[in-house]
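Report on the structure given below.
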Ligand SMILES: [Zn+2]
């Protein structure tokens, strides 16, 4: 199994929850866990995506808007905002392309059989970025790009995306809403940012039935969330046989996260990851690529990522 990682970027916007301390916490938690993990986990720093590759899922206008804002941030040394939640710093262009490239490289490595599974330790997150818009801290939709890229590979005709971030992955839904080759399954807190993802949104046209939204209130017992997502997964797998499974692993669904009201513990996230690998195995054959999305309590995030890697390692053994 490969651990995918990218560099850290130096600017921090005071008070913004999506800051470089998140990845620092993850990397130091991984270092502490290394004696247990290093036999099985290979850290890899993949190449950044070519900006043109992001047009597999984004409009050229979107890519140019992000580029222009990032260039201006670099020229001025200032932090600019693409929307009220979504700042760009002089490091954002490189970070977003590194995250996008990481997912593509991880898919290639897993499909080639080079690694059993991969986890992309990336920021900024991506699942709120729509075809045409940066939002919710997200510039490019890395998991959507990885899915679209996977579909260009021989033998990959259907990709399942399981999104357990506490926020609805509206960008991923937007990109694949009419696409029957990608099943998007999301459990998310409702009401909460971005306010999308009601149960009646189930895809459109040829993609009718390949979106499944599970909006849930905050503050339930953790088993309710685990059972709901796994029931949704079974429902999805009754109708859709994925050749590859991708996970938007948002650890902001954790009990100690400052941005969400879900109550999941390390053991609950472990159960989810284990069951996703197990239940998709008949057709995905252990080919699982997971992406860090949210997770804004750095200590909790570090613990959950270490546990997630152990589960991916053990479940795909
Ligand atoms: Zn989130």
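The values are calculated or read from the model by the stated rules, or taken from the named source; none is laboratory data. Computed from a prediction, not measured in an experiment: that's the story for all the values here. Reconstructed Cβ throughout: ideal geometry from the backbone, glycine too, with neighbour counts over all protein chains shown.
Structure above, values below:
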quantity: Considering residues of segment 1-33 that are at pLDDT 75 or above and touching a strand residue (DSSP E or B) at 6+ places or on another chain (Cβ under 8 Å) only, the residue surrounded by the fewest Cβ atoms within 10 Å (Cβ to Cβ); calculated: 16
quantity: Scope segment 138-169; condition touching a strand residue (DSSP E or B) at 6+ places or on another chain (Cβ under 9 Å), buried (at least 24 other Cβ atoms within 10 Å of the Cβ) and assigned to a loop (DSSP other than H, G, I, E, B); matching residues; calculated: 139, 164, 165, 166, 167, 168, 169
quantity: Residue in segment 255-268 that is surrounded by the fewest Cβ atoms within 10 Å (Cβ to Cβ), counting only those that are within 18 Å of residue 186 (Cβ to Cβ) and within 14 Å of the ligand (Cβ to nearest atom); calculated: 261
quantity: Residue in segment 67-86 that is modelled with pLDDT under 95 and touching a helix residue (DSSP H, G or I) at 6+ places or on another chain (Cβ under 6 Å) present; calculated: yes
quantity: Residue 209 being over 27 Å from residue 117 (Cβ atoms) and either in contact (Cβ under 8 Å) with a residue 40 or more places away in the chain or in contact with a helix residue (DSSP H, G or I) (Cβ under 9 Å, 6 or more places away or on another chain) (or both); calculated: yes
quantity: Filter pass, residue 49 being farther than 18 Å from residue 305 by Cα, under 19 Å from the mean Cα position of the chain (by Cα) and not in a loop (DSSP other than H, G, I, E, B); calculated: no
quantity: Residue match in segment 222-241 (condition: buried (at least 22 other Cβ atoms within 10 Å of the Cβ), within 21 Å of the chain's Cα centre (by Cα) and part of a strand (DSSP E or B)); calculated: no
quantity: Checking residue 198 against (1) closer than 27 Å to residue 19 by Cα; (2) assigned to a loop (DSSP other than H, G, I, E, B), the condition it does not meet; calculated: (1)
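Listed here are the residues, each with its yes/no results for (1) within 21 Å of residue 227 (Cβ to Cβ); (2) more than 16 Å from the ligand (Cβ to nearest atom); (3) in contact (Cβ under 8 Å) with a residue 24 or more places away in the chain; (4) not in a loop (DSSP other than H, G, I, E, B).
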position: 281; (1), (2), (3), (4): yes, yes, no, yes
position: 289; (1), (2), (3), (4): no, yes, yes, yes
position: 299; (1), (2), (3), (4): no, yes, yes, yes
position: 311; (1), (2), (3), (4): yes, yes, yes, yes
position: 317; (1), (2), (3), (4): no, yes, yes, no
